[in-house]
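The values are calculated or read from the model by the stated rules, or taken from the named source; none is laboratory data. These numbers come from a predicted model, not from an experiment. Every residue, glycine as well, gets a Cβ built from its backbone with ideal geometry; the counts of neighbours run over all protein chains shown.
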Amino acid sequence: MKTLKTLFFLKLLFCLQICFAQGDKKTPDDAEYNKILAKKLDTNQVHELIKFAERVERSDLNKALIYYRKSLQLSTKLDWYIGESLSLNNIGKTFLSLSELDSATIYFNKGIAVNEKNKDFKGQIVGLINLSAFYANQGNHNEASKLIFKALKLSEEIKYPNLIAVSSINLSVLFSMQKQYDKSIVYAQKALDGFKKLGVLVHQAKCHEVIGVAYMQKKNIKLANQNFNEALKLFKQDKNLLGEATIYTQLVANNANNPVIQLSYLQKARTIWEKISPNHPLAIANIGNTGVLYYDVAEKHPKMHVAMKLSKEQLLDSAEKYLTAGLNLSKQFKVPSLISTFSKGYADVFASRAKYKEAYNGLKEYVSAQDTFYSQEIKNKIAALETQREVGIRDKQLQLKKLEVRELWLYGVIVVIVIIAIAFILINRSRIRQLRLKNLLQKREAKEQAKELIHQNKLSETELKAIRSQMNPHFIFNVLNSIEAYIVENEPKMAARLVQKFASLSRLILENSTQSLVTADREWKALKLYTELEAMRFNGQFAYEFELDESLDLPNLMIPPMLVQPLIENAIHHGLRNSTATDNLIKLKVNDATTHIDISVADNGIGIEESNKFKDVIIDKNKSFGLSAIKERIKMMNALQNEQAVFEIKAVEDGGRGTIAKIILPKLYRN
């Protein structure tokens with residue numbers, strides 16, 4: 001039936017209305033309303049009341065209107081502009097659903113004014129969407145398209161997913177009204193994807209409904225039914241009676257070849273409309289189209305009379321009843337498209353029943369309505385062209401944005417490549433510097449190690465020379481001669497004692513010579529033995545004293561071996577041997593000096609200058625070698641350690657006779 005094909009336009013306008021949340025699925029009642037009002041007056045109370053009213057709106061528009069007005073009153077009292085904006089927009093939306101268009105536009109404009117005053121872009125967008133619904137409901141597609149494009153642009157600017165999705169579905173509706181069904185499906189699918197992410201069931205259902213209408217107009221009944229059934233399932237899940245009623249109405253138009261099924265869907269929809277909003281444009285359309293359907297069955301489908309168990313007259317009675325009611329309501333609520341449709345059906349029914357006066361009046365109304373309708377239709381075609389122009393401009397803008405994004409990506413990739421290249425060069429240079437520095441350090445370290453090895457070799461050589469000097473042949477032969485003399489003179493005890501001391505000294509010297517450092521007690525013992533042997537060899541020509549600081553820990557203190565012995569030897573052979581005095585004395589003294597130990601060897605012999613007069617070549621060579629060996633060892637030791645050792649030899653000061661030699665060594669302990 002041709003008249004039923006215009007029905008979907010009115011149905012789609014409902015999608016232009018917006019709610020902010022689904023709310024819970026609990027059935028609202030007066031007890032819950034009173035409980036909310038009993039709470040403390042604050043923004044939470046107002047917000048809860050608005051949510052409650054949104055749930056009531058699904059089943060009773062008039063009650064919802066009362067609750068929205070109460071939320072507006074409380075918001076004004078609190079001076080809370082967000083509550084005022086929500087309440088005003090919801091009141092306007094409810095008036096729109098009740099077909100009270102003048103009241104709807106008043107409240108929509110009030111809501112926009114509140115949001116503009118407080119610079120609330122989201123609220124302004126909601127107002128634009130609701131005003132778009134108002135103008136679309138009046139058939140003014142030109143103004144509706146301007147508003148919805150503005151709303152979509154603002155939504156994208158503030159990047160608010162909910163409003164982008166709502167604006168997209170509204171644009172889809174306008175495309176459907178302008179018979180651009182492919183574009184309608186594209187935008188509806190975009191909106192559906194957005195609402196799925198947001199989890200809003202009612203809006204998902206409306207998207208399926210719009211897609212279903214587009215497929216229905218494309219004659220794809222299968223896909224249309226699939227989307228309508230999905231929408232119906234979601235509306236039922238959300239307990240949205242308004243949505244259920246509209247889907248039943250759509251299913252009427254989608255089953256044009258089966259009047260019985262159509263009447264069944266019309267009855268289901270009418271039952272819901274009578275309960276929630278009897279004056280809604282779709283409710284009015286439902287009543288009038290029921291009359292149109294009865295008339296078509298009466299005149300065009302005689303075989304259906306038996307199946308429906310109704311005579312032609314009974315069918316025409318029903319047609320007259322519903323068309324009269326639909327036409328009167330269309331006039332009352334000023335819906336031009338329905339006046340045109342139902343006045344023509346009204347005239348056809350009365351003409352069929354030979355009531356020509358009524359038929360003539362119906363035709364007059366039809367012609368008048370057609371003039372208004374076609375005038376508006378021309379305006380709508382102009383609006384469609386402007387909408388297409390806006391869409392074309394928008395598509396070009398989107399393409400330019402995509403190109404700009406691609407350029408930005410290209411520049412970004414180039415910049416990243418340049419940065420990576422620079423970083424690679426810098427890292428490579430840094431690595432080369434590090435390798436060069438490492439190589440330089442390794443060379444320096446190798447040189448230092450070579451120097452250290454040279455020092456150690458020289459130190460080892462000086463230590464070996466010291467060993468050799470300590471055990472020079474003269475000393476050994478003289479000791480052996482002394483032993484022989486004691487044996488010849490029949491002094492075996494002295495000979496035995498001399499042998500024991502010589503053996504002990506030899507053993508100590510050989511053991512100490514294998515190490516660069518030995519404990520001080522071992523070295524102290526070796527010095528004592530050596531001095532005792534020399535005193536015995538020279539028949540007591542000199543006395544000797546050994547003085548040790550008791551605070552020194554000799555068993556753990558480490559010193560170089562055979563460093564002091566050459567000084568004692570030098571004192572005996574160059575200071576005391578040629579002295580004629582009877583009180584000749586060698587004094588070895590070791591003092592503790594906190595971080596160092598001071599070792600001194602003093603004699604009261606003839607002194608350095610006087611000793612030079614005695615030219616014993618072998619002894620002079622030994623003297624020179626012994627002192628030079630000490631100096632060389634001290635030098636090597638200082639090169640290998642931080643703490644510095646010191647050696648000096650000089651004449652006794654203050655007019656005294658003799659010589660004093662000093663060695664200062666850093667304290668080194670075992671482990």
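Count of the range 322-350 residues, restricted to those that are surrounded by fewer than 23 Cβ atoms within 10 Å (Cβ to Cβ) and not in a helix (DSSP H, G or I), is 2. If you go through the range 539-548 and keep only what is loosely packed, with under 13 Cβ neighbours inside 10 Å and not small (Gly, Ala, Ser), you end up with Asn539, Glu545, Glu547. Filtered by the rule that a residue be surrounded by 16 or more Cβ atoms within 10 Å (Cβ to Cβ), within 16 Å of Leu588 (Cβ to Cβ) and out of contact with any strand residue (DSSP E or B) (no Cβ under 7 Å at 6 or more places or on another chain), the range 512-523 gives a lone residue, Arg522.
Please enumerate the residues belonging to the range 116-127 that are surrounded by fewer than 24 Cβ atoms within 10 Å (Cβ to Cβ) and part of a helix (DSSP H, G or I).
The initial filter retains those residues of the range 116-127 that are surrounded by fewer than 24 Cβ atoms within 10 Å (Cβ to Cβ), namely 116-124.
Correct list: Glu116, Lys117, Phe121, Lys122, Gly123, Gln124.
Screening the range 650-670 for residues that are crowded, with 17+ Cβ neighbours inside 10 Å and of a type in the set (Val, Ile, Thr) and picking the one that is farthest from Lys589 (Cα to Cα) gives Thr659.
Given the options Lys40, Lys70, Lys110, name the one that is outside any helix (DSSP H, G or I), without any contact (Cβ under 8 Å) to a residue 60 or more places away in the chain and surrounded by fewer than 21 Cβ atoms within 10 Å (Cβ to Cβ). Even if it seems obvious, please write down each step before you answer.
Working: Lys70 fails: outside any helix (DSSP H, G or I); Lys110 fails: outside any helix (DSSP H, G or I).
Answer to the check: Lys40.
Condition first: of a type in the set (D, E, K, R) and at pLDDT below 90. Now tell me which residues in the range 198-217 satisfy that. Across the range 198-217, there are no qualifying residues. For the range 113-148, the set of residues classified as without any contact (Cβ under 8 Å) to a residue 24 or more places away in the chain and within 39 Å of the chain's Cα centre (by Cα) consists of Glu116, Lys119, listed by residue number. Within the range 186-215, if we keep just the residues that are over 38 Å from the mean Cα position of the chain (by Cα) and over 17 Å from Gly243 (Cβ atoms), the residue that is surrounded by the fewest Cβ atoms within 10 Å (Cβ to Cβ) turns out to be Tyr215.
So which of Asp79, Asp182 is touching a helix residue (DSSP H, G or I) at 6+ places or on another chain (Cβ under 9 Å) and outside the structural domain of Ile284 (by TED's automatic domain parsing)?
Details: Asp79 fails: touching a helix residue (DSSP H, G or I) at 6+ places or on another chain (Cβ under 9 Å).
The match here is Asp182.
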